[in-house]
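Heads up, the thing below is written out as structure tokens.
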Protein chains: 4
Amino acid sequence: MLLKTLREEVLEANLEIVRRGLVLYTFGNASGYDRASGLVVIKPSGVPFDRLSASDMVVTNLDSQVVEGDLRPSSDLVTHVLLYRSFDGLGGIVHTHSTAATAWAQAGREIPCFGTTHADYFHGPVPVTAPLTDEEIAGDYELNTGQAIVRRFESLDPHSHPGVLVRSHGPFVWGRTPAEAAMHAVLVEEIARMAARTVALNPQIQPIRRSLHDRHFLRKHGPQATYGQG
Amino acid sequence: MLLKTLREEVLEANLEIVRRGLVLYTFGNASGYDRASGLVVIKPSGVPFDRLSASDMVVTNLDSQVVEGDLRPSSDLVTHVLLYRSFDGLGGIVHTHSTAATAWAQAGREIPCFGTTHADYFHGPVPVTAPLTDEEIAGDYELNTGQAIVRRFESLDPHSHPGVLVRSHGPFVWGRTPAEAAMHAVLVEEIARMAARTVALNPQIQPIRRSLHDRHFLRKHGPQATYGQG
Amino acid sequence: MLLKTLREEVLEANLEIVRRGLVLYTFGNASGYDRASGLVVIKPSGVPFDRLSASDMVVTNLDSQVVEGDLRPSSDLVTHVLLYRSFDGLGGIVHTHSTAATAWAQAGREIPCFGTTHADYFHGPVPVTAPLTDEEIAGDYELNTGQAIVRRFESLDPHSHPGVLVRSHGPFVWGRTPAEAAMHAVLVEEIARMAARTVALNPQIQPIRRSLHDRHFLRKHGPQATYGQG
Amino acid sequence: MLLKTLREEVLEANLEIVRRGLVLYTFGNASGYDRASGLVVIKPSGVPFDRLSASDMVVTNLDSQVVEGDLRPSSDLVTHVLLYRSFDGLGGIVHTHSTAATAWAQAGREIPCFGTTHADYFHGPVPVTAPLTDEEIAGDYELNTGQAIVRRFESLDPHSHPGVLVRSHGPFVWGRTPAEAAMHAVLVEEIARMAARTVALNPQIQPIRRSLHDRHFLRKHGPQATYGQG
């Protein structure tokens, strides 16, 4: 992939999460990863979204060293890089503080699968990470945030659970491309919104049965997929 | 009715549910039915709403066979067709995952009639279907979804209850035309929103009395209707 | 006042409640009253707001008889007229089914005064009417709705309480002009929204003390008013 | 600083809080302070925001006397002035009745720090003032409101807590400039929104641990700040 194309895709994903109302000020960032070259493209730190251009995007390697670009990368770069290193097949990552998903992260609750909207995209709950220890917080915080995510996925497939709630913080969401990561971030916010309203109406509600969950997830993913114009 | 007109009406209903905020990405579809020809027009599967044109609409017969169109029809087609077959007088059906109505569907609760906004359009609660069995889910899922709706209406009139919540899924709503179905989908979302706020303020609230419900519903429907410029 | 001016003011109030998000489809109407001529101007029944012009407004007398206009007046006309007859000094009335205020009406709860936003406009709770009897509902329903409002105000001053929640229905709100009535309708919706969030955060919260309520209400109303450029 | 520049900055802060949805009608005001000249610039009282120009801004001294301008200053001027006098380093103050923050103020609850969005801006809860006594309300109300804020900050640093909820009223928020004060007002509203959703999902949730709170606050503030392009 041409780096120029990836810069544009990452810019577009950053703009998409703003247009969809997931981002207040600079609370959010999208990145993209080109497996062939081993390069990551990410939003610069603290730059207002309405002034971003493709040339502002920062290019780094998998050691988080800047390869191209005059601006400092997002402070969450180290977390992004660890996820690209740890999870095969990721081409884009989005981090936001979107309101409804962040409320679940702050409440320290995973989002159970209450319906088919959720089941179409996550093959289980939207997971939440364990709290960091004081040592992890005082140490290499962004790296340790990434490691808390990786630990949470020890027995989970990142392709059937394309995102996570970092406890007391907010969602990290991914996909095969920056555009898919942005779409998944929008869906996590909507799933969070619906689930909060669901538990308010029925605090005893249980997750949907496995057969229904499988039916929906597998309709859109894997070799049996029947959805769309494919 | 000319098929060309129906295509345009179905396109317009699909666009209306997007404009009204009921649809995220491709989570929704509208169809129309022409009784004279026995043909159904429906949105294609997985095509973004902002690229839809009238010529993208798929035309099928009541056996769900495509009669015209190059695209695959919405995967919910079989559900739509069963409703057109089972309920007399339907000219349009809309399915969405709109946030507030889906929360009631996910909570597994019918929406009681708490006020006159609801009473103007539904002559009773907004019903919810029974859960599907594992066999129904593993089998012809979309057909069985339709049959769960039809079973729920065994003792209900689909014209005095122009919609239903499919449990753990979302609303299916209908009308005499695609435009009326879209309007009813918007109303079901608003009724769901108001009712959730009502039970939050008063968890013991009871449905309105029958006389008030009748007064409002019959003011807008049936031979005694007095509302509007008719 | 010229009737032409009042028509335009009533049109503008009808458009304002749409722009402010208080109205879905045709669920709302604004009227104005000219004391000198004894004439009422009101929105026609069931006409979409985006097609309204000043010349569509219907002019009636205080017996609810149409004096000018080709369209049928809003079915709520009789309620409006009774309020103009019963409460001195009203120049405009707005009725909506706005979401948050209607939720309180549906819950059958008056809105207690929890803060200064409320206190600036209502010198007490936003009252709620008693339920209508089956006889009142089966009889002259719109008139009986108006009479339920008038009974609720037997010991309340309509100028210090410029609106009411009709139980199981929605708010009727008024002012010295159609524009003020529309502004009060917007405020009632915001007061309802804030109050619902307040009781969710603190179910035991009590209304503000009388001294604070008086301080705010009397700052904006009556001979001691100090607010604005007066 | 040129007074002309400050007028424009204050106008812009007033417009920003409207664009961000924090203000209904005239429920809000922004001011700025020029330490060198000892002058305050504030929005005029009761003037609609869509008609404001820089020349409408009112200039006063720290005795709340108008120095320039034909309009009456906002009735909250005395509160603003007391804060400029009491807290070193303030260059802008914003007062609103924004919905979610006002709900916490009306509920009489401070907003605990449940996550990193909050921790990035407040080094502790968003505090709430004690109720005013009847005597304080009947006396110099706006001054006493300011004094309740100052008392609340006896053991708090206004630079690590750039805002407060005035009980039963709404937020006062500040910054080094009018623009920063407006940004903090937007953040307080979002923090309030997230926190309300958080306690709804988990009523027993505790504030985040001190180490995480410090890590985030100190990343953006003080000599160790690493965020942005600085």
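Take each residue in B:187-199, count the other chain C-beta atoms within 10 Å of its C-beta, and the mean is 5. Shielding value for B:160-173 is 2, the average number of Cβ atoms from other chains within 10 Å of each residue's Cβ. In this Cβ point-charge picture (+1 for Lys and Arg, -1 for Asp and Glu), the protein assembly as shown has a dipole of about 980 debye about its Cα centre.
Rounded to the nearest 0.05, the FRET efficiency derived from the C-beta distance between C:Arg151 and D:Tyr25 at R0 = 25 Å is 0.20. Sorted shortest first, the separations between the B:Asp70 label point and its copies elsewhere in the assembly read 4.7, 4.7, 6.7 nm; each point sits 7 Å from Cα along the Cα-to-Cβ line.
Here C:Glu135 yields copy-to-copy label distances, from shortest upward, of 5.7, 5.7, 8.1 nm, the label point defined as 7 Å from Cα along Cα to C-beta. Closest approach of a chain A Cβ to the axis relating A and D (residue, whole Å): A:Ala200, 5. In terms of other Cβ atoms within 10 Å, D:Phe49, A:Phe217 run from fewest to most in the order D:Phe49, A:Phe217. Amide hydrogen proximity for C:Gly91: with H placed 1.01 Å from N in the peptide plane, the residues at 5 or more positions away or on another chain lying under 5 Å are C:Gly175, C:Arg176, C:Thr177.
What you get for the stretch B:1-82, charging only the Cβ of Lys and Arg (+1) and of Asp and Glu (-1), is a dipole of about 120 debye around the Cα centre. In this simple spin-label approximation, C:Arg85 and D:Thr133 carry label points 7 Å from Cα along the Cα→Cβ vector, and these lie 5.3 nm apart. Among B:Ile149, C:Ile17, B:Ile93, the ranking by other beta carbons within 10 Å of each residue's beta carbon, starting with the fewest, stands as B:Ile149, C:Ile17, B:Ile93.
Each of B:Lys4, D:Lys220, A:Lys43 has some number of other Cβ atoms within 10 Å of its Cβ, and from fewest to most they run B:Lys4, D:Lys220, A:Lys43.
Amide hydrogen proximity for A:Leu24: with H placed 1.01 Å from N in the peptide plane, the residues at 5 or more positions away or on another chain lying under 5 Å are A:His97. The separation of the stretch B:1-40 from the stretch D:19-77, counted between C-alpha centres, amounts to 52 Å. Counting Cβ atoms of other protein chains within 10 Å of each Cβ in B:134-146 and taking the mean gives 2. Couplings 3J(HN,Hα) for the stretch C:54-66, derived from phi with the Karplus relation 6.51 cos²θ - 1.76 cosθ + 1.60 (θ = phi - 60°), are 4, 6, 7, 4, 9, 9, 10, 9, 6, 9, 6, 8, 5 Hz, where x marks Gly and Pro. Remark: the stretch A:135-230 projects, on average over all directions, an area of 8.6 nm² (convex hull of Cα atoms). Between D:Pro203, D:His161, D:Thr99, the Cα set farthest toward the positive side of the dipole of the stretch D:4-218 (charges on each charged residue's Cβ, about the Cα centre) is that of D:Pro203. Per-residue 3J(HN,Hα) values for the stretch A:82-89, derived from phi via the Karplus relation 6.51 cos²θ - 1.76 cosθ + 1.60 with θ = phi - 60°, read 4, 5, 4, 5, 8, 10, 5, x Hz in sequence order (x marks Gly and Pro). At the listed q of 0.10, 0.12, 0.13 Å⁻¹, the Debye profile of chain D, built from one uniform point per Cα, gives log10 I(q)/I(0) equal to -0.44, -0.63, -0.74. Out of D:Leu83, D:Leu165, D:Leu212, any idea which swings most in a Gaussian network model of chain D, alpha carbons joined below 10 Å? Judging by the Gaussian network model, the answer is D:Leu212.
Around the amide H of A:Gly163, modelled in the peptide plane, lie the amide H atoms of A:Trp174, all under 5 Å away and 5 or more residues distant in sequence or on another chain. Computed over the alpha-carbon pairs of the protein assembly as shown, the distance histogram in 10 Å steps reads 2, 11, 19, 22, 22, 15, 7, 1, 0 percent, short to long.
Taking a straight Cα-Cα cut-off under 17 Å and skipping sequence neighbours fewer than 8 places away in the same chain, the lysines within cross-link reach of A:Lys4 are A:Lys43. Coupling constants for the stretch A:73-78 follow from the phi torsions by the Karplus curve (6.51 cos²θ - 1.76 cosθ + 1.60, θ = phi - 60°), and in residue order they are x, 3, 5, 8, 3, 4 Hz; glycine and proline get x.
Working note: 222 nm ellipticity from helices only, DSSP H runs with n ≥ 4, each -39,500 (n - 2.57), summed and divided by the residues of chain B, gives -12500 deg cm²/dmol to the nearest 500. Cα centroid separation, the stretch D:176-226 to the stretch A:112-177: 21 Å.
Of the beta bridges in the protein assembly as shown, as assigned by DSSP with both residues counted there, near 95 percent are antiparallel. What's the FRET efficiency of A:Val66 with D:Leu143 using the Cβ-Cβ distance as r and R₀ = 35 Å, to the nearest 0.05? Efficiency for this residue pair is about 0.05. Its Cα centre serving as origin, the stretch B:4-218 has a Cβ charge dipole (Lys and Arg +1, Asp and Glu -1) of approximately 700 debye.
When only Cα pairs below 8 angstrom with a gap of at least 6 residues are kept, chain D shows a relative contact order of 22 percent.
Every read-out reported here was derived from the displayed coordinates using simple, explicitly stated rules and does not represent laboratory data. What you are looking at is a predicted structure, and each value in this text was computed from that prediction instead of being measured. Quick reminder, even Gly has a Cβ in these numbers, built from the backbone with ideal geometry, and neighbours come from all protein chains shown.
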